[in-house]
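Contents: one structure, followed by commentary.
Coordinate-derived values only; no laboratory data. Keep in mind that this is a model prediction, so the values were computed, not measured. Using ideal geometry, Cβ is built from the backbone for each residue, glycine included, and neighbour counts are taken over all protein chains shown.
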């Protein structure tokens with residue numbers, strides 16, 4: 001079955017550490033996205049990539065970095081520069097214009113906690 | 001930042017009641033989507049709308065794309081306990097096909 005997989009489900013980070021969240025999709029989607037969700041709030045866009053080896057900053061990119069070396073993969077690194085990283089992180093993918101692709105497909109999320 | 005205003009923020013209803021929520025925007029949108037998110041999971045697409053005035057149903061859910069192209073609403077009829085969750089609207093602006101903008105969500109609580 002096609003889908004989008006995020007790992008790990010739960011992640012704990014110590015102060016000052018970088019951590020990387022994985023996002024893999026086998027939907028053959030061109031575009032991939034990372035969102036941050038804080039309790040009781042909506043989704044805020046961190047980074048997105050429309051094509052391999054290219055990505056753009058979203059609304060809250062500071063303290064985060066991404067890469068897009070393969071179409072299937074879009075890992076997100078939360079760096080030590082991100083002052084308040086505790087949140088639920090969602091990855092999504094999408095292909096514009098493809099029949100049957102009705103908007104984003106989301107992963108099941110990674111909950112990151114700073115300890 | 002976010003450009004969609006979603007209301008209400010939360011709702012507490014009795015099982016069997018109908019529910020209505022809506023999203024408005026200052027920009028013209030060419031696509032409206034409605035998602036449901038359960039605790040600890042990613043949002044799941046419920047309904048997609050592509051034309052102004054379009055009315056689409058998915059079981060007990062009905063959504064409409066506003067005529068002005070700046071709003072959309074979602075109705076849930078005869079609510080049941082498993083309807084509990086957060087409902088998000090999302091829209092794609094006519095001048096930017098590259099991403100979707102999200103509302104802040106409506107948290108629905110259903111009392112048996």
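Values for this structure:
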| item | result |
| --- | --- |
| Computed label-point distance, nm, for sites residue A:5 and residue B:68 using a 7 Å Cα→Cβ extension | 4.6 |
| Residue A:26/residue A:62 FRET efficiency (R0 35 Å; Cβ-Cβ; nearest 0.05) | 0.70 |
| Antiparallel content of DSSP bridges confined to chain B, in %, to 5 | 90 |
| GNM top mover of A:81, A:31, A:61 - chain A, alpha-carbon springs below 10 Å | A:81 |
| Of A:24, A:15, A:62, the one that fluctuates the most in a GNM where chain A has Cα springs shorter than 10 Å | A:15 |
| Within region A:1-35, backbone nitrogen closer than 16 Å to the virtual label 7 Å beyond the Cα of residue A:81 toward Cβ | A:16-20 |
| Inter-label distance for residue B:44 and residue B:12, nm, one decimal - labels placed 7 Å from Cα along Cα-to-Cβ | 2.7 |
| Within a Gaussian network of chain B (alpha carbon springs, distance under 10 Å), most fluctuating of B:25, B:82, B:57 | B:82 |
| Calculated diffusion of region A:28-115, Stokes-Einstein form, Kirkwood radius summed over Cα pairs, 10 °C and 1.306 mPa s, µm²/s | 118 |
| Shielding score for B:38-50, defined as the mean number of other chain Cβ atoms within 10 Å | 4 |
